[in-house]
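Worksheet for the structure shown next.
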Amino acid sequence: MSDPRELYQQVIIEHNKKPRNYGDLEGCTHHAHGLNPLCGDDIELKVVVQDGIVRDLRFTGQGCAISKASSSLMTVQVKGRPVAEAQLPPPTPTSWASSACSRASRTCPAG
């Protein structure tokens, strides 16, 4: 794969088909819900923070391939990191979910 766009599309497709950290999370310490009324993406994020570390996090919901893949990628990057390092967004994922979807919806590889 020499074209970075091809790699990008493969990553998005893979995380859309097999999202990481997808599902409900019992005993969460933090919870956020984001809805993008423009495209209908609806993501719920649950996080377990202990001793300043993101011990676990999961997301549920529905949306376009970009929304689902970006949620999956975010959970992989944040899990196990200190909260300060993870730079978790404010109490709603709307800012990252809706902005990722809005920027990418014109070129969404899954339609």
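The values are calculated or read from the model by the stated rules, or taken from the named source; none is laboratory data. Predicted model only: the values in this text are computed from it and were never measured. Cβ atoms come from the backbone with ideal geometry, glycine included; neighbour counts cover every protein chain shown.
Yes or no: the range 10-18 includes at least one residue that is modelled with pLDDT under 80 and either touching a His at 6+ places or on another chain (Cβ under 9 Å) or among the β-branched types (Val, Ile, Thr) (or both). Checked against the condition, which is being modelled with pLDDT under 80 and either touching a His at 6+ places or on another chain (Cβ under 9 Å) or among the β-branched types (Val, Ile, Thr) (or both), the range 10-18 yields no hits at all. Scanning the range 2-40 for residues that are free of Cβ contacts under 8 Å to residues at least 40 places away in the same chain and at positive phi gives Gly23, Gly27, Gly40. Which numbered condition trips up Pro109, out of (1) out of contact with any strand residue (DSSP E or B) (no Cβ under 9 Å at 6 or more places or on another chain); (2) more than 19 Å from Asn36 (Cα to Cα); (3) modelled with pLDDT of 90 or more? For Pro109, the exception is condition (3).
Looking across the range 39-77, the residues that are closer than 12 Å to Asn21 by Cα, touching a helix residue (DSSP H, G or I) at 6+ places or on another chain (Cβ under 7 Å) and hydrophobic (A, V, I, L, M, F, W, C) come down to Leu57, Phe59, Ala69, Leu73, Met74.
When Ser95 is tested against the conditions (1) of a type in the set (Ser, Thr, Tyr); (2) modelled with pLDDT of 90 or more; (3) out of contact with any Cys (no Cβ under 9 Å at 6 or more places or on another chain); (4) in a helix (DSSP H, G or I), the lone failure is (2). For Leu45, the stated conditions hold: it is among the hydrophobic types (A, V, I, L, M, F, W, C), crowded, with 20+ Cβ neighbours inside 10 Å and at pLDDT 90 or above. For the range 1-28, the set of residues classified as surrounded by 14 or more Cβ atoms within 10 Å (Cβ to Cβ) and not in a helix (DSSP H, G or I) consists of Pro19, Arg20, Asn21, Tyr22, Leu25, Cys28, listed by residue number.
Taking the range 52-79 as the range and being surrounded by 23 or more Cβ atoms within 10 Å (Cβ to Cβ), outside any helix (DSSP H, G or I) and small (Gly, Ala, Ser) as the test, only Gly63 passes.
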